[in-house]
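As structure tokens, the structure follows; a few thoughts come after it.
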Amino acid sequence: MQPEPPLLSVDGIKVHFPIFKGVLARRQVGAVKAVDGVSFSVDRGETLGLVGESGCGKSTTGLAVLRMLATTAGTIRFDGTDITRLNRAALRPFRRRIQMIYQDPFGALDPRMTVGQLIAEPMIVHNIEPGRAARDSKARDLLAMVGLRQDMADRYIHEFSGGQRQRIGIARALAMQPDLLICDEPVSALDVSIQAQIVNLFQDLQSRFGLTYLFIAHDLAVVRHISDRIAVMYLGRIVEIAGREALYDHPQHPYTQALLAAVAIPDPDIEATRPHIAVQGEVPSALNPPGGCRFHPRCPRAVDRCKTEEPVLRDTGRGGETGRGQSVACHLA
């Protein structure tokens, strides 16, 4: 049997923000290369974790997949269709099938509307439930589905805690009956105990509805818990991608190794004996990224080749528990 094609396939996308100078005679003097040649795919029912430091381009990648930001180059295929250059009318059916969960649910939800109205609004926009009674009933059912009481539909968003607001945001996204959820740091603003509840909710909903997730985060413990595969970004590019266990047990890229070494282990005996990798300096500017390997100015293992030759993402030959190999962009791996 032929393998099923991925639900989402991203090939070499770039998102560059031009910088202009001058008032009367404006001219472009550079560009911030927020995303600079990113490729990955996500299978149906799979969770791909996207991790990296703040400013590496994770959220910009998610917004580009949603077509909320225009791409400078590359293609985005959703369910076999190239959506990169679709106009607004042609893109409309795909917008229903791709939804986003934001980091700040309070900022993403209108405080002037009741929770029931917030959940019902996208159903009106996409004509999913034409009748008001049917929309109200579905909104209450969705609240129950995410662990909230149905009578909360008559309240306003300021009456809820952060974890409850995130549940409301998830219910609103589910109202569209989506295939893909892009989760942009959905638990980073929550207490640790609430984080676990929301992550468990994501897993329950995935099992129930066959959802596919692109899970963007910087908390490596959360990403390991929820992801099937993990992609590591640095300065606008993916430097390593592998199955969850392969990445955590056998990281290949020096940046991935440094990220994992920075995670504290609550056992003092193990913490005292495990190796620690020191990364020097600050992340370079995306306005003028280094030549060759972008990590080489901070890499403790860098050689002359790293300064001049850009590494490509290649298969290391290691298998993965997901059936895909481990790929890394490093000359030394």
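Just a few scattered comments:
- Matching residues, the range 43-62, being in contact with an Asp or Glu (Cβ under 9 Å, 6 or more places away or on another chain) and buried (at least 17 other Cβ atoms within 10 Å of the Cβ): D43, E46, T47, L48, G49, V51, G57, K58, S59, G62
- Failed item, numbered, when L260 is tested on (1) of a type outside the set (G, A, S); (2) over 15 Å from the mean Cα position of the chain (by Cα); (3) modelled with pLDDT of 90 or more: (3)
- Any hit, the range 92-99, residues being closer than 16 Å to M233 by Cβ, within 16 Å of the chain's Cα centre (by Cα) and not hydrophobic (A, V, I, L, M, F, W, C): no
- Hey, T81 closer than 27 Å to L205 by Cβ, among the β-branched types (V, I, T) and surrounded by fewer than 17 Cβ atoms within 10 Å (Cβ to Cβ) or not: yes
- The helices (runs of 4 or more DSSP H) found wholly in the range 71-142 and carrying at least 1 residues that are over 19 Å from P186 (Cβ atoms) and modelled with pLDDT of 90 or more occupy 88-97, 115-125.
- Summed over the range 143-152, residues that are more than 28 Å from the chain's Cα centre (by Cα) and assigned to a loop (DSSP other than H, G, I, E, B) total 1.
- The single condition from (1) over 22 Å from M152 (Cα atoms); (2) in contact with a Phe, Trp or Tyr (Cβ under 6 Å, 6 or more places away or on another chain); (3) in contact (Cβ under 8 Å) with a residue 40 or more places away in the chain that A108 fails is (1).
- Top-ranked residue in the range 263-287 [being at pLDDT below 75 and among the small types (G, A, S); ranked as farthest from T60 (Cα to Cα)]: A272
- Qualifying residue in the range 23-33 (condition: outside any strand (DSSP E or B), touching a Phe, Trp or Tyr at 6+ places or on another chain (Cβ under 8 Å), surrounded by 20 or more Cβ atoms within 10 Å (Cβ to Cβ) and at pLDDT below 95): no
The values are calculated or read from the model by the stated rules, or taken from the named source; none is laboratory data. These numbers come from a predicted model, not from an experiment. Every residue, glycine among them, receives a Cβ derived from its backbone with ideal geometry; neighbour counts consider all protein chains shown.
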